[in-house]
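What follows is one structure encoded as structure tokens, with my remarks underneath.
Coordinate-derived values only; no laboratory data. Just so it is clear, the structure is predicted and the values come from calculations on it, not from any experiment.
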């Protein structure tokens, strides 16, 4: 990291390609860049993903973690906590802190417990639904169902 200069990796995420095409991704990155400029920080990497916040295979997030391990940024800036991680934000924050990286979130929305619970339930339901519907391709789905039924009723599954 450069001495005396606050070096930042910014991270944006949208859940769908449709949101990206509507400009949500670009607007997030623009707001993060403006925020960094206000703080007099140098943005060395603007990373982004089009994926669920529950998806652990986000390329941009993995690049962010790699940059932290290589001490290439002292700050990670995100617009909201859920852009970085839908669940486990404090784990991610602790991990980055272990490499000397501070996480800065621009917007701190205060939610009541009920609102937060509802958003979490919707996120989980959406994630599992996407997994199920993604497997709806004929033979693969049929085989999965037959295998599950065989596990539940070992005496045999009708064809």
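Figures for the structure shown
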quantity	calculated
Global form of the stretch 40-88, assessed from the alpha-carbon gyration tensor, a/c cut-off 1.5	prolate
Prolate/oblate/rounded call for the stretch 7-105, Cα gyration tensor, a/c under 1.5 rounded	oblate
